[in-house]
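Heads up: the structure comes next, in structure tokens.
The values are calculated or read from the model by the stated rules, or taken from the named source; none is laboratory data. All values derive from a computational prediction rather than experimental measurement. Reconstructed Cβ throughout: ideal geometry from the backbone, glycine too, with neighbour counts over all protein chains shown. These area figures cover heavy atoms from the full protein model, side chains too; ligands, DNA and RNA do not enter into them. Shrake-Rupley method; radii C 1.70, N 1.55, O 1.52, S 1.80 Å.
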Amino acid sequence: MALDLEHVAAELAARGLRLTRQRRAVLEALADTPSSLSPLQLYEAARERCPELGLTTVYRTLEVLDEIGALRRVHGPDHCEGLMPVSAAHAHTVVCSACGRVAEFTACDVRRISAAAARETGYRITDHFLQLTGLCDRCAARRSAKRRH
């Protein structure tokens, strides 16, 4: 996933924070994975780049990334919540139920569902979170190959 380090650095600076070596390691580890990562998995991946990185720094960095809208939370097959960088301002995810690989998509028209939910509950719908699950092309091909044998 693409992660705009210049944008993140500018947002950090606006909050009086620097893009330190530790924060950069977290950002790079987050950007380098095709699937979502739990905070602990992210910590382990980022420590390969910066061995002195602390878990507290990872959580604080994730908090800031979430505040500036650079982070997307994903519910993956192996852990309740994973994290990934945001590549589009308004996008949703598809998670492979076999390998955990994540892809984003921007097309969504949930107006009818939102209107129905508002009518049924009385809520004023202000936002939505949409995530789909399925098999990525690689996992689907593997399953097809297994069925043929």
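Tabulated data for the structure shown
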read-out: Exposure of residue 44 as accessible area (Å², to 10), given a probe of 1.4 Å and all protein chains; value: 110
read-out: Cβ-derived FRET efficiency at R0 25 Å, residue 28 paired with residue 81, nearest 0.05; value: 0.75
read-out: Prolate/oblate/rounded call for the stretch 1-74, Cα gyration tensor, a/c under 1.5 rounded; value: oblate
read-out: Additional length obtainable on full extension of the chain from residue 98 to residue 20, 0.36 nm per residue less Cα span; value: 24.5 nm
read-out: Among beta bridges that DSSP assigns inside the chain, antiparallel share in %, nearest 5; value: 70
read-out: Probe 1.4 Å, all protein chains present, accessible-area order of 105, 129, largest first; value: 129, 105
read-out: Cα-based shape type of the stretch 1-144, given that a ≥ b ≥ c are square roots of the gyration tensor eigenvalues and the cut on a/c is 1.5; value: oblate
read-out: Extended-chain gain in nm, criterion 0.36 nm per residue less alpha-carbon gap, residue 146 and residue 52; value: 29.4 nm
read-out: Relative contact order of the chain, pairs being alpha-carbon contacts under 8 Å that are 6 or more residues apart, as %; value: 20
read-out: Shape of the stretch 59-148, Cα gyration tensor, a/c cut at 1.5; value: oblate
read-out: Rounded FRET efficiency, nearest 0.05, which uses the C-beta distance separating residue 60 from residue 123 and R0 of 25 Å; value: 0.15
read-out: Segment residue 108-residue 132, length gained on full extension (0.36 nm per residue, minus Cα span); value: 7.5 nm
read-out: Environment charge of residue 114, counting only residues whose C-beta is closer than 13 Å and scoring Lys/Arg +1, Asp/Glu -1; value: +1
read-out: Projected label distance in nm at residue 38 and residue 90, using a 7 Å step from Cα toward the beta-carbon; value: 3.3
